[in-house]
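To keep things clear, I will list the structure first and then write my remarks on it.
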Amino acid sequence: MKAIALKIQSYFLALTGPLGGWALLLIALFDSSFLSLPEVNDILIITLSIKNPEKMLYYCTMTTLGSILGCLVLFTVGRKGGQVLLRKKFADEHILKVARWYAKYGVFAVMIPSILPPPTPFKIFVLFAGAFRISVGKFVFAITAGRGFRYFLEGFLAVKYGEQAKEYMHQNYPYIALGAVLVIGIGALAVFLYRRNRSAKPPPKRAQSAH
């Protein structure tokens with residue numbers, strides 16, 4: 001199984017020769033839409049950033065952009081197919097669980113899974129975002145923040161630590177991702193409490209005009 005994974009990674013790495021960053025965009029687009037290429041984007045970013053550290057920001061940007069475009073494809077499918085498509089592709093218990101996530105967390109239900117590593121079932125959250133009519137602006141922001149955090153972190157570690165970055169990400173990224181999720185959760189809670197306190201305050205009384 002590991003040998004097959006290495007062959008797949010080598011194949012996609014070869015594509016980056018003639019296509020450069022556009023290969024990263026296309027691979028991320030397909031991975032985030034209808035194909036499943038676990039960790040290929042991550043390996044490519046780290047490998048290419050080690051070889052060409054001056055292009056790290058370019059590689060991370062193209063991969064993030066490709067992921068956004070791929071997610072928008074699934075998002076559009078979710079909007080058009082809605083609940084019917086979800087029931088064909090996913091078990092009822094998964095649908096109910098994700099529905100509770102959206103009811104409770106809104107757009108954070110997309111952002112958090114976009115940060116987490118495989119085997120997080122990310123695509124069901126993207127389809128749900130379309131089916132639940134999440135605004136396109138909020139959806140794009142969530143994907144950009146989540147995937148951008150993940151890919152730019154990988155690029156930074158690749159430039160800083162070289163080949164050691166692969167092993168470091170493999171061992172520690174789940175903990176880093178959980179830390180990021182915790183920070184997002186605290187931020188979301190702070191925003192929620194702030195808005196609730198504002199709405200609970202009575203409107204200021206108007207000064208009565210003298211007659």
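Every number here is computed from the coordinates shown, using simple stated rules; none is lab data. Bear in mind that the values here come from a model prediction, so they are computed numbers and not experimental data. Glycine also receives a Cβ, built like all others from the backbone with ideal geometry; neighbour counts cover every protein chain displayed.
The table that follows gives values for the structure above.
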| quantity | calculated |
| --- | --- |
| Trypsin sites (Lys or Arg not before Pro) restricted to the range 114-146 and DSSP loop, no more than 16 other C-beta within 10 Å | R133 |
| Spin-label model distance (nm) - T76 vs K89, 7 Å beyond Cα toward Cβ | 1.4 nm |
